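Below: one structure, written as structure tokens.
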Amino acid sequence: MIQHHGTDYSAEQWFRLQIDMIMESVCDLDTTVIVIPSQSDVHHPFCMYPQPRYELNHEALGKNLFFLNDPSTVTLNEHVTIGSTSIDILAHIASEEVVKFVFLT
């Protein structure tokens, strides 16, 4: 349970509330919201990689709100394709790096 201002929310209710607040803040803008799951999400039923998109009914879904898989790609204006993932690839690479410092005197 998540407690906020004296009200208890389930993880799913809290997620819905956050999506509602985001969509309310961009409702008058020409903005597309893309949400990608993370393995750290408490409410997502799959905590493995790759992850399917969220399942949530919302009135903005398909208009200016999109839930994508993790990993996924997005094509903008038929010219630019962007790949995305919630995995911190640089942290994984850095943890495997072995560096030997040599000091010249």
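Worth a mention:
- Inter-probe distance in nm under a simple model that places probes 7 Å from Cα toward Cβ, at THR73 and HIS58: 2.5
- Efficiency of FRET between VAL26 and HIS92 - r from beta-carbon atoms, R0 41 angstrom, step 0.05: 0.80
- Computed with a 1.4 Å probe over protein heavy atoms only, the accessible area of GLU59 comes to about 120 Å².
- Convex hull of region 11-95 built on C-alpha atoms - directionally averaged projected area, nm²: 6.9
- Extending 7 Å from the Cα toward the beta-carbon at both GLN13 and MET48 defines two label points whose distance is 3.1 nm.
- For TYR9, solvent-accessible area (1.4 Å; no DNA, RNA or ligand), Å²: 50
- Solvent-accessible surface of region 11-95, taken per residue with a 1.4 Å probe and all protein chains present: 71 Å².
- The share of accessible area on the chain that comes from carbon and sulfur is 57 percent, using a 1.4 angstrom probe.
- Normalised by the number of residues in the chain, the mean separation of alpha-carbon contacts (under 8 Å, six or more apart) gives a relative contact order of 19 percent.
The values are calculated or read from the model by the stated rules, or taken from the named source; none is laboratory data. These numbers come from a predicted model, not from an experiment. Neighbour counts run over all protein chains shown; Cβ positions are idealised from the backbone, glycine included. With ligands, DNA and RNA removed, areas are computed over all heavy atoms of the protein, side chains included. Shrake-Rupley method; radii C 1.70, N 1.55, O 1.52, S 1.80 Å.
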